[in-house]
Amino acid sequence: MNQSVPFNGTPLLSLIVPCYNEQEVLPEFMRRVLPVLQALPGMNYELVFVNDGSRDDTLDLLIGIAREHDYVRVVDLSRNFGKEAAMTAGIDEARGDVVVPFDADLQDPPEVIPKLVAKWREGFDVVIARRVDRSSDTYLKRKSASLFYKFHNTISDIDLPENAGDFRLMSRDVVNALQRLTESRRFMKGLFAWVGFKTAIVEYTRQSRAAGKTKFSGWRLWNFALEGVTSFSTLPLRVWTYFGFVTAFAALSYAAFMLIRTLIFGNPVPGYASIVTILLFLGGVQLIGIGVVGEYIGRIYIESKQRPVYLVQARYGIGERAGRGGH
Ligand code: UDP
Ligand code: MG
């Protein structure tokens with residue numbers, strides 16, 4: 001069945017699917033997602049897959065899907081640019097009146113999409129899908145994620161909604177606003193929050209991956225968290241000034257204490273241990289400070305090159321037609 005219609009007045013939903021080595025899950029993906037899209041009342045749809053430099057047969061599978069359905073387009077990036085860049089590519093490619101980024105692994109149930117659309121029809125520009133139950137994630141991942149959100153929201157100007165991933169619905173206005181943000185290091189969760197707009201929340205339960213493995217190791221997640229903090233807060237840079245003041249004040253007080261003690265008791269044996277401890281402590285603190293400055297300088301350096309966020313090496317699927325919902 002290949003029900004497709006030319007673009008017309010009916011609102012169009014673009015589902016953006018970044019894929020990196022997702023060959024195991026793609027057939028199941030189409031089986032689960034298509035019926036949901038086809039049932040969307042009064043809504044047309046298109047699927048934009050972004051192949052993020054997969055090393056397996058993902059691209060071939062995607063090309064096959066695009067041949068079969070003329071509302072499917074595939075953007076093939078020239079290498080693996082990471083999920084944030086792949087999503088950006090998909091959002092740039094999307095033509096929809098509403099755009100929904102959606103993971104290929106079916107951790108987010110497609111059945112939530114109609115709920116997002118319903119909220120959008122009520123007049124919201126952003127509809128965030130929030131996970132109420134993350135029991136499908138490991139304890140460590142949940143704990144570290146929750147710590148990250150607390151830390152991030154305390155020190156940043158923007159608030160990231162906790163337990164919300166990239167799965168959400170955005171109206172065309174929001175997408176246009178996103179595209180005006182020119183930074184090349186794209187921490188999407190932060191950018192989504194930064195643009196604001198009238199926002200609603202829909203809750204759902206996150207599942208385990210339908211097939212395949214997660215692409216985010218602990219180290220990748222740590223760097224992702226650093227990216228988030230440094231993209232939206234300068235507090236880690238500024239805190240050193242205050243630390244310097246506190247240390248200088250402590251040093252002065254100690255000097256005064258020693259002066260008075262020497263005046264009263266004379267000059268006792270100098271404290272070798274305390275000198276070494278203070279020296280090492282301050283040396284360590286200074287190195288941490290320089291390290292933090294380095295994190296930011298590295299990011300300024302990369303940003304200053306103004307390289308594109310991603311490169312497309314090929315596009316597949318004509319995408320001149322949309323799928324018709326409501327049947
Ligand atoms: N992904 C991507 N590029 C990458 C890593 C991941 O496009 O470099 C895609 C991946 O194919 C999936 C989505 O991003 O559709 C989420 O990845 P994953 O499920 O591995 O992340 P997790 O759910 O474990 O956070
Ligand atoms: Mg996943």
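Numbers at a glance
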{"quantity": "Sum of -39500 (n - 2.57) over DSSP H runs of 4+, divided by residues of the chain (222 nm, nearest 500)", "calculated": "-15500 deg cm²/dmol"}
{"quantity": "Percentage relative contact order, the chain, counting C-alpha pairs under 8 Å, at least six apart", "calculated": "31 percent"}
{"quantity": "Helix axis angle, 272-304 relative to the chain longest principal axis, alpha carbon, degrees", "calculated": "30 degrees"}
{"quantity": "Ordering of 258-264, 235-241 by packing [mean C-beta count within 10 Å, highest first]", "calculated": "235-241, 258-264"}
{"quantity": "For the chain, with +1 on Lys and Arg beta carbons and -1 on Asp and Glu, the positive-most of Phe265, Gln23, Gln313 along the dipole", "calculated": "Phe265"}
{"quantity": "Sorted by Cβ density within 10 Å, fewest first, the residues Phe148, Phe245", "calculated": "Phe245, Phe148"}
{"quantity": "Per DSSP, loop GluC sites (Glu not before Pro) in region 264-327 with at most 16 further Cβ within 10 Å", "calculated": "Glu320"}
{"quantity": "Rounded tilt (10° steps) of 235-265 against the dominant C-alpha axis of the chain", "calculated": "10 degrees"}
{"quantity": "Cα centroid separation, region 242-289 to region 83-129 (Å)", "calculated": "57 Å"}
{"quantity": "Most positive-pole-ward Cα, Met87, Ala256, Leu279, against dipole of the chain from beta carbon charges", "calculated": "Ala256"}
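Quick note: the coordinates plus some simple rules give every number you see, no bench work behind them. None of these values were measured; they are calculated from a predicted model. Virtual Cβ from ideal backbone geometry, glycine too; neighbours counted across all protein chains shown.
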